[in-house]
Amino acid sequence: VRLDAKIDAVHKHGMGSCKGQLVASVEGLRYVAADGKDNVTITFADMDTFDVDVLAKNLRVKTKQGKTLNFTDPAGDGNRLFVFHRDVDKARKRLLAAK
């Protein structure tokens, strides 16, 4: 399984947000914040929920530990989130099935 997907994203906080990039590899999902303060790494095994709502322009990741992360596209393009989600989810399911 190969996976090297990237998308510019805005991480929505309870109050405010930050810009950065979502990066997916076979190791999992990383959010690299432009300011370097809100970086997050999540393995696929630690993901409980990984879904996208194109109309709401929101990509949601929930960990098994209960943390929920919401991302949107900086240009407001829900289709970019959909394509990223589709590619990552396909690889994620194959990786988890192989373990």
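The values are calculated or read from the model by the stated rules, or taken from the named source; none is laboratory data. Just so it is clear, the model here is predicted, and its values are computed rather than measured. Positions of Cβ are generated from backbone atoms using ideal geometry, with glycine treated the same way; all protein chains shown enter the neighbour counts. Just the protein is used for accessible areas: all its heavy atoms, side chains included, with ligands, DNA and RNA removed. Shrake-Rupley method; radii C 1.70, N 1.55, O 1.52, S 1.80 Å.
A few remarks follow.
- Candidate set: segment 38-93, residues that are among the hydroxyl-bearing types (Ser, Thr, Tyr) and over 10 Å from the mean Cα position of the chain (by Cα); chosen: the one farthest from Gly14 (Cα to Cα): Thr43
Table: residues versus (1) modelled with pLDDT of 95 or more; (2) within 15 Å of Val88 (Cβ to Cβ); (3) touching a Leu at 6+ places or on another chain (Cβ under 6 Å); (4) among the aliphatic types (A, V, I, L, M).
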{"residue": "Val1", "(1), (2), (3), (4)": "no, yes, yes, yes"}
{"residue": "Ala9", "(1), (2), (3), (4)": "yes, yes, yes, yes"}
{"residue": "Gly14", "(1), (2), (3), (4)": "no, no, no, no"}
{"residue": "Gly20", "(1), (2), (3), (4)": "yes, no, no, no"}
{"residue": "Ser25", "(1), (2), (3), (4)": "yes, yes, yes, no"}
{"residue": "Gly28", "(1), (2), (3), (4)": "yes, yes, no, no"}
{"residue": "Thr41", "(1), (2), (3), (4)": "yes, yes, no, no"}
{"residue": "Leu69", "(1), (2), (3), (4)": "yes, yes, no, yes"}
{"residue": "Thr72", "(1), (2), (3), (4)": "yes, no, no, no"}
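- The one condition in (1) open to solvent by less than 40 Å² (accessible area, probe 1.4 Å); (2) out of contact with any His (no Cβ under 9 Å at 6 or more places or on another chain); (3) not hydroxyl-bearing (Ser, Thr, Tyr) that Asp8 fails to fulfil: (1)
- Condition met for Asp73 (without any contact (Cβ under 8 Å) to a residue 60 or more places away in the chain and among the acidic types (Asp, Glu)): no
- Residue match in segment 48-57 (condition: without any contact (Cβ under 8 Å) to a residue 40 or more places away in the chain, within 17 Å of Asp4 (Cα to Cα) and charged (D, E, K, R)): no
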